[in-house]
Amino acid sequence: SLSEYNYEVYHSLEDIQNWMHHLNQTQPGLVRVFSIGRSYEGRPLFILQLGRKSRAYKRAVWIDCGIHAREWIGPAFCQWFARDALLTYKTDPAMRKMLNHLYFYIMPVLNVDGYHFSWTHDRFWRKTRSRNSRFRCRGVDANRNWKVKWCDEGASAHPCDDTYCGPFPESEPEVKAVADFLRKHRKRIRAYLSFHAYAQMLLYPYSYKHATIPNVSCVGFAAHKAVKALRSAHGTQYRHGPASQTLYVSSGNSMDWAYKNGIPYAFAFELRDTGQFGFLLPEKLIKPTCTETMLAVKNITMHLLRKCP
Amino acid sequence: HPYDNRYAGDKVIRLTPKTEEEAFALKNIYHRLQVDLWQPSSISCVSEGTVTDVHIPQNASRTLLAFLQEARIQYKVLIEDLQKAVENEKSLQTQRNRR
């Protein structure tokens with residue numbers, strides 16, 4: 001049952017997929033699980049659609065976690081979000097409004113092959129697991145493989161580098177599957193949220209260049225309020241701002257691509273911490289990390305529903 | 001031991017180059033030692049003032065630390081033993097269940 005699954009531990013890919021199927025069977029009014037394709041190694045790419053089912057046109061929010069395999073707190077948050085949404089649908093007016101008016105498309109693990117590899121072989125693996133015919137090195141950085149200033153600054157053309165952009169944009173089946181889905185539903189999807197670790201930041205476009213987005217007053221204000229809401233939980237400080245200034249320049253990433261493709265609110269979260277544990281955030285910190293992040297995500301979503309001033 | 005104890009003796013250290021010369025030197029040695037960069041994600045992003053977190057394997061840590069001391073580049077050890085940190089990531093209950 002929803003309450004028996006332990007959301008305060010890290011789960012294997014198999015666990016996560018079983019959990020998704022369980023939700024699909026037990027929450028038919030609010031959950032639909034479907035696949036958007038297969039990974040390089042043939043694993044299904046599952047999406048959780050959360051929201052009250054309706055034939056009427058509904059806008060949507062896309063959330064993905066686990067683009068980078070070693071950032072385990074991301075998938076943990078995606079699972080937490082689904083749990084919180086379902087548990088509080090009846091008791092929290094804000095959540096009820098969100099799920100009634102919107103769909104959330106949640107992809108708990110985008111880079112399924114890499115995530116599995118980080119569980120079984122190399123805890124610090126980052127990339128996908130695709131093979132390269134000319135080099136012994138495997139994998140492409142799934143956050144450098146999108147068609148937006150692809151393979152420019154902040155990405156590498158060498159297959160052995162951790163920021164390898166790939167042989168061509170959307171070469172990775174995982175990236176292509178998500179890009180195809182977002183293209184298909186572009187008019188309905190109003191927000192794109194991607195979860196990474198670690199740095200404690202809330203970022204918005206652009207990442208590939210030092211320039212200001214046209215709707216910065218709206219997006220920047222949403223980020224400011226979200227970070228303030230996050231801080232209200234446990235006092236955790238997050239920085240916010242355009243990714244190119246706040247973090248570093250990187251081309252070919254999903255957030256910039258989503259924005260360029262017409263999704264007006266595009267954010268990337270860099271979750272806890274700031275280096276004490278890095279990618280190895282202890283399980284006992286999953287709960288505080290996720291509860292504070294929930295506040296930020298709900299804040300952004302409510303902002304979206306109210307429309308920007 | 002998880003991951004066959006492969007991270008025993010590995011460290012994660014933090015360096016913030018104070019000058020472009022230091023940044024250049026760090027980039028060279030990162031390339032040479034083929035370090036696992038935790039942040040930033042790319043060696044090309046390392047410049048003056050960039051906080052860099054580097055995972056160095058046990059067999060390379062002596063070389064890197066000697067270089068840093070010789071170049072008088074300040075560093076801080078974030079994780080002294082990565083294998084221990086990997087094991088501590090999971091709660092005692094999870095470890096018990098795994099066993």
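Out of B:61, B:47, B:91, B:41, one residue alone is surrounded by fewer than 20 Cβ atoms within 10 Å (Cβ to Cβ), closer than 25 Å to residue A:159 by Cβ and among the hydroxyl-bearing types (Ser, Thr, Tyr). It is B:47.
Residues of region A:14-55 that are within 28 Å of residue A:280 (Cβ to Cβ) and of a type in the set (Ser, Thr, Tyr): A:39, A:40. Within region A:76-105, the set of residues being of a type outside the set (S, T, N, Q), in contact with a strand residue (DSSP E or B) (Cβ under 9 Å, 6 or more places away or on another chain) and in a helix (DSSP H, G or I) comprises A:76, A:77, A:78, A:81, A:82, A:85, A:86, A:98, A:99, A:101.
Residue count for region B:3-36 satisfying the condition of being surrounded by fewer than 20 Cβ atoms within 10 Å (Cβ to Cβ), of a type in the set (A, V, I, L, M, F, W, C) and either touching a residue at least 40 places away in the same chain (Cβ under 8 Å) or facing another protein chain (nearest Cβ under 9 Å) (or both): 2.
Within region A:106-152, the set of residues being within 13 Å of chain B (Cβ to nearest Cβ), part of a helix (DSSP H, G or I) and without any contact (Cβ under 8 Å) to a residue 60 or more places away in the chain comprises A:117, A:118, A:120. Just to be sure, is residue A:89 surrounded by fewer than 24 Cβ atoms within 10 Å (Cβ to Cβ), farther than 30 Å from residue A:275 by Cβ, of a type in the set (Ser, Thr, Tyr) and at pLDDT below 95? Answer is no for this residue. Total residues in region A:95-136 satisfying the condition of being under 22 Å from the mean Cα position of the chain (by Cα) and over 27 Å from residue A:23 (Cβ atoms): the figure is 7.
Yes or no: residue A:15 without any contact (Cβ under 8 Å) to a residue 40 or more places away in the chain, under 23 Å from residue A:124 (Cα atoms) and surrounded by fewer than 22 Cβ atoms within 10 Å (Cβ to Cβ)? Break it down stepwise before answering.
Details: without any contact (Cβ under 8 Å) to a residue 40 or more places away in the chain: yes; under 23 Å from residue A:124 (Cα atoms): yes; surrounded by fewer than 22 Cβ atoms within 10 Å (Cβ to Cβ): yes.
Yes.
Taking every residue in region B:82-94 that is closer than 14 Å to residue A:286 by Cα and pairing it with any residue that is of a type in the set (S, T, N, Q) and at pLDDT 90 or above, at least 6 positions away or on another chain, the pairs with Cβ-Cβ distances below 9 Å are B:94/A:6. Among the residues here, residue A:174 qualifies as more than 26 Å from residue A:28 (Cα to Cα), among the charged types (D, E, K, R) and not in a loop (DSSP other than H, G, I, E, B).
Taken over region A:132-146, residues that are of a type in the set (Lys, Arg) and more than 15 Å from residue A:163 (Cα to Cα) amount to 2.
Residues in region A:153-168 that are crowded, with 20+ Cβ neighbours inside 10 Å and either among the hydroxyl-bearing types (Ser, Thr, Tyr) or more than 11 Å from chain B (Cβ to nearest Cβ) (or both): A:159, A:163, A:164, A:166. Checked against (1) farther than 19 Å from residue A:287 by Cβ; (2) part of a loop (DSSP other than H, G, I, E, B), residue A:11 meets all criteria but (1). If you filter region A:85-105 down to residues that are without any contact (Cβ under 8 Å) to a residue 24 or more places away in the chain and among the hydroxyl-bearing types (Ser, Thr, Tyr), you find that the one that is nearest to residue A:73 (Cα to Cα) is A:88. Being in contact with a strand residue (DSSP E or B) (Cβ under 7 Å, 6 or more places away or on another chain), within 14 Å of chain A (Cβ to nearest Cβ) and in contact (Cβ under 8 Å) with a residue 24 or more places away in the chain is the filter here, so list the residues in region B:37-66 that pass it. Across region B:37-66, the qualifying residues are B:38, B:46, B:51, B:52, B:53, B:54, B:55, B:56.
The values are calculated or read from the model by the stated rules, or taken from the named source; none is laboratory data. As the structure is a computational prediction, the values presented were derived from the model and not from experiment. Counting neighbours? That spans all protein chains shown, and the Cβs are built from the backbone with ideal geometry, glycine included.
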